[in-house]
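Presented below is the structure to which this report refers.
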Amino acid sequence: MATLQDLENAIDTLLNHPLGVSQYQLVQRVEEKAYEAYVFGLCLRAVRELGVTPILRGNTGVPAPFVFRGAPGQIHSRGRNYGYAEFTLNGQDFEIQAGVEFKGTSGMTHELDVCIMRGSDARACRNPQSLDDPVSASLICGWECKFYAGNLDKGLGRAFVGLIADMGTNLRLSGFCSNSTHPQLLKYFQPDRRPHPHFRLTPLESSNEDIFVNQIKGELKK
Amino acid sequence: MSRNSYTAQQALDLLLTKLRAQNDLFATSVQAAIDAGKDVSEEEPAIDRRKKPRVYRRTVRFTHEEALQVAFDALQAYFVEQPLFINDAADNFAKAALGKPTHAQAQWMPDVDEREPVVLEQQGQDKQLEIELHTETQVTREGDEIFVLRRQSRQSIEEQRQQIQTLRALTDFSGE
């Protein structure tokens, strides 16, 4: 029979482990961004599985280190050497970007946590003679990424649906990615043209990762 | 015959007390996940027996057993999933290549139709991944500028995954 002391010892072992509470204190500031980096990595994997090597680039030079934006920013920003990835598939150039703002069809700007966009449009926006935010028509795929230790907030799903509605009809694939889930949001995302729910998208659920990666591959192959 | 000499409520109280002693903010966020409760479908028999019973949604609080599992899910998100996100990202970035321009950057006039020529380097090698802490528009600047995403050992992550499994087993009150 397990005693309260057994339980206490087990809790102490968990919390005092190097990946215990000290891990929380370390990553808490960047938990959302670390999740975006993971989703960005899954996009790299999708490209690689299509037989193409994604190339890491930086806004001001070789991306060593590769820097993720800490807040929504402009694609042409040279505040830091922000990283992105480029690749060519079937003669078309694409870029994977993180935390970049796009001009919606209404003219309002929106940030996409992770996205795949047309390479030519990204280069045009970085051109020193025409620095600008990319228009929503540049987008191919876009994802909202939410790390949650509890149940997701319903408002996040509603906000992303609103954002996608302002992104026009060129956007081929959109998704709401989270390590967590929400039963009602799952239903909310079911109608056509709503983002795909990628709930429990985590390395602990490799089948969900495969679904996410295969969806990207399917869209890019079109 | 009970498998544990404690109740689910005692186990939950102990877990939250221990967590609060180490990090109040963390304990509060775990408590919030628990206090969000859950939706259940309730069935109300129809007065007319020929009609279907009425089914409606009701938000209820978690049982102490369920609340323990919610708490372990939250701990797992930080102690297991977060390090796995970083390791997984590191793996996928390692398999990508760094693009080094074949000429001095200043000589290149960005062209909409043409990608800048680059040589591929470091494919298969780990890349340093950083997250900006001080953003471009931030006025006040103090503390670290950036956060470096560092790999964690598979063994450490596995130890924590196993420990959460142990705790789930220690707080399994089914069959009592």
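Observations, loosely collected:
- Per-residue average of Cβ from other chains inside 10 Å of A:36-44: 6
- Sparse packing (at most 11 other Cβ atoms within 10 Å of the Cβ) combined with a DSSP loop state is found for the following trypsin sites (Lys or Arg not before Pro) in the range B:1-86: B:R49, B:R50, B:K51.
- Averaging the Cα positions of each part gives two centres, and for the range B:65-107 and the range A:134-185 these lie 19 Å apart.
- Formal net charge of residues neighbouring A:V114 (Cβ-Cβ distance under 10 Å; K, R +1; D, E -1): -3
- Charge dipole (debye, nearest 20) of chain B; +1 at Cβ of Lys and Arg, -1 at Cβ of Asp and Glu: 1020
- For the range A:134-195, applying the loop criterion from DSSP together with a ceiling of 13 other beta carbons within 10 Å to the trypsin sites (Lys or Arg not before Pro) yields A:R193.
- Taking each DSSP H run with n ≥ 4 as -39500 (n - 2.57) and averaging over every residue of the protein assembly as shown yields -12000 deg cm²/dmol at 222 nm.
- The range B:1-28-the range B:144-176 distance, computed between alpha-carbon centres (Å): 16
- Pair-distance profile P(r), taking every C-alpha pair of the range B:48-176, with 10 angstrom steps and integer %: 9, 19, 22, 20, 14, 9, 6, 1, 0
- Sorting A:T109, B:T137 from the fewest to the most surrounding beta carbons within 10 angstrom yields B:T137, A:T109.
- Other residues whose C-beta falls under 13 angstrom from the C-beta of A:V161 contribute a net charge of +2, scoring Lys and Arg +1 and Asp and Glu -1.
- Here the Kirkwood formula, the inverse mean of 1/r across different C-alpha pairs, assigns the range A:30-221 a hydrodynamic radius of 16.7 Å.
- Using R0 = 45 Å, the C-beta based FRET efficiency linking A:E49 and A:R158 works out to 0.85.
- Test item: A:54-60 mean partner chain Cβ contacts at 10 Å: 6
- Magnitude of the charge dipole for the range A:30-221, about its Cα centre and with charges confined to Cβ atoms of Lys, Arg (+1) and Asp, Glu (-1), is about 80 debye.
- Legend: mean number of C-beta atoms from other chains within 10 angstrom of residue C-beta atoms, peptide B:119-126, equals 2.
- Per-pair calculated FRET efficiency, R0 = 51 Å: A:N90 and B:E44 via Cβ, rounded to 0.05: 0.30
- Share of alpha-carbon pairs per 20 Å distance bin for the protein assembly as shown, given as whole %: 25, 51, 21, 3, 0
- Linear extension gain, B:R141 paired with B:A94, 0.36 nm per residue minus alpha-carbon span: 13.8 nm
- Modelled label positions at B:A169 and B:E121, each set 7 Å beyond Cα in the direction of Cβ, lie 5.0 nm from each other.
- Net charge dipole size for the protein assembly as shown [Lys, Arg +1 and Asp, Glu -1 on Cβ; Debye, nearest 20]: 980
- As a calculated quantity, the FRET efficiency between A:T60 and B:Q162 at R0 = 41 Å, using C-beta atoms, amounts to about 0.40.
- Which of B:V40, B:T102, B:L133, positive extreme of dipole for the range B:8-170 (C-beta unit charges): B:V40
- Using equal-weight Cα scatterers in the Debye expression, the normalised intensity of the range A:79-138 in log10 at q = 0.26, 0.30 Å⁻¹ is -1.23, -1.40.
- Spin-label pair B:E114/A:L4, simplified geometry with 7 Å Cα→Cβ offset, distance in nm: 7.7
Rule-based calculations on the coordinates, nothing more; no lab input. The structure displayed is predicted, hence computed values, not measured ones. So basically every Cβ, Gly included, is an ideal-geometry build from the backbone, and we count neighbours across all protein chains shown.
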